[in-house]
Amino acid sequence: MIEFVVLGSGGSIPLPGRNHPAYLIRYEGWNLLFDAGEDVQRRFVEANAGMNKHMAIFISHIHADHVLGLGGLLLRFSLLGRERPLQVFGPAPLLDFVRVNQNTINLGTTFPTTVHAIEEGIVFEQEDAGIRAFQVDHRGFTLGYEFIYQRATGPFLPEKAREIGVPEGPLWGKLASGQTIELESGVSVEPEQVTGERDKPIKIVYSGDTRPCNAVRESAKNANLLVHEAMYAEEHADLADERGHTTAREAAEIAEDADVELLLLTHYSPRYGDGQTILSEAKEVFANSMLARDLMRITFDSDGNHTINLPE
Ligand SMILES: [Zn+2]
Ligand SMILES: [Zn+2]
């Protein structure tokens, strides 16, 4: 199961119930955090996300609302005795940002932290999941991220393994995890011979801050979830253009073009209060639009079907 948790859905000014941007993808003992807005540490605890999981952080760009929570989160992890290494990825200025934090506010961690300056491309690869960064269209170099999860193999079929003569034991485990094995007879067995059909991939795309752009449209093709900023309503379309943001209608057009299953509108300006203007403008174009809410959880089963849980 994959879980997507909104830790911060605010834009520009944090409001009660709408923290600065931060989104978490949880799968197989991993926590993948996208952006680390101010006070993300508190939301992280509220979400019961687990401080000592395998973890990587992906920053979209170095605007204050997306990074000010990073130091606090790392310090919190240290206070709680995290030991596992942690990797942070983002545009090059992130290196200076972390260095200045280390040199001025005593940001030392109890665990190894590595910061990587990245550009476009595959930036994270594990057995069943990967993340690709792509450049979007904002003020300064900004990245969006595409997360794809797909089990390396389909379900293991013991009867097939027996048929071929693979003895029950460690070889079964190797085949089930996608490795080719060799029998004592010298015959090699491919995992595809003893596993069923693979589940479809599950794709989640995060736009970062951006004008509507092709990079998001292409990455989001057939995504299960598109998390897109929607800073402005149509009446302020000129501001969206001037400041490098997207209107709700434009975000919905991207979702429609990319044929995504669900559009989550986030980072909308505090001027729209509860966001109903943003939501209704998006829904006119793309019916399956929702407003992001802090601590909202969206879970995906192995068929990619989602369930939405709203906080109380
Ligand atoms: Zn920005
Ligand atoms: Zn922003």
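Between LEU183 and GLN126, the contour length at 0.36 nm per residue exceeds the alpha carbon distance by 17.8 nm. Gain on full extension, evaluated as 0.36 nm per residue between GLU218 and PHE111 minus their Cα-Cα distance, stands at 34.8 nm.
Among GLY173, ILE254, THR195, pick out the residue whose Cα is farthest towards the positive end of the charge dipole of the chain, where Lys and Arg carry +1 and Asp and Glu carry -1 on C-beta, about the Cα centre. Value computed over the given set: GLY173.
Exposure proxy for THR109, THR247, THR153: other Cβ atoms within 10 Å of each Cβ, ordered fewest to most, give THR109, THR153, THR247. Other residues whose C-beta falls under 12 angstrom from the C-beta of ALA117 contribute a net charge of -1, scoring Lys and Arg +1 and Asp and Glu -1. Measure nothing fancy, just the Cα-based angle from helix 93-104's long axis to the longest principal axis of the chain, in degrees from 0 to 90, nearest 10. So the inclination is approximately 80 degrees. Here the calculated FRET efficiency for ASP238 and GLU119, from their Cβ-Cβ distance with R0 = 30 Å, stands at 0.45, rounded to the nearest 0.05.
The length gained on full extension between ASN52 and ASN305, counted as 0.36 nm times the residue separation minus their Cα-Cα distance, comes to 88.2 nm.
Using θ = phi - 60° in the Karplus curve 6.51 cos²θ - 1.76 cosθ + 1.60, the 3J(HN,Hα) couplings for segment 107-116 round to 7, x, 10, 7, 9, x, 10, 10, 10, 10 Hz; x is entered for Gly and Pro. Checking every one of the chymotrypsin sites (Phe, Trp or Tyr not before Pro) in segment 84-178 against DSSP loop status and a limit of 16 other Cβ atoms within 10 Å picks out PHE141. For a modelled paramagnetic label at GLU28, 7 Å from Cα along Cα-to-Cβ, the residues of segment 189-209 in reach, with backbone nitrogen under 17 Å, are 191-192, 195-204.
Magnitude of the charge dipole for the chain, about its Cα centre and with charges confined to Cβ atoms of Lys, Arg (+1) and Asp, Glu (-1), is about 1000 debye. By the helix-only formula, in which each DSSP H run with n ≥ 4 contributes -39500 (n - 2.57) and the sum is divided by residues, the chain has a 222 nm mean residue ellipticity of -7000 deg cm²/dmol. Within the chain, DSSP assigns beta bridges of which about 60% are antiparallel (rounded to the nearest 5). Highest average first, the peptides 229-238, 249-258 ordered by how many other beta carbon atoms sit within 10 Å of their residues are 249-258, 229-238. Dipole size of segment 1-68 about its Cα centre, with +1 on Lys/Arg Cβ and -1 on Asp/Glu Cβ: approximately 80 debye, rounded to the nearest 20.
In percent, rounded to a whole number, the relative contact order of the chain is 16, using alpha-carbon pairs under 8 Å and six or more apart.
Can you tally the net charge around GLY304? Count Lys and Arg as +1, Asp and Glu as -1, for every other residue whose Cβ sits under 9 Å from the Cβ of GLY304.
Summing Lys and Arg as +1 and Asp and Glu as -1 gives -2.
Seen against the Cα atoms of the chain and their longest principal axis, helix 276-285 is set at about 60 degrees. Measure nothing fancy, just the Cα-based angle from helix 70-79's long axis to the longest principal axis of the chain, in degrees from 0 to 90, nearest 10. Tilt relative to the chain: about 50 degrees.
Legend: ranking of residues ASP259, ASP209 from fewest to most surrounding C-beta atoms inside 10 Å; resulting order ASP259, ASP209.
Since every read-out is calculated from the coordinates, none of them should be taken as a lab result. Since the structure is predicted, the reported quantities are computational estimates derived from the model, not experimental observations. Positions of Cβ are generated from backbone atoms using ideal geometry, with glycine treated the same way; all protein chains shown enter the neighbour counts.
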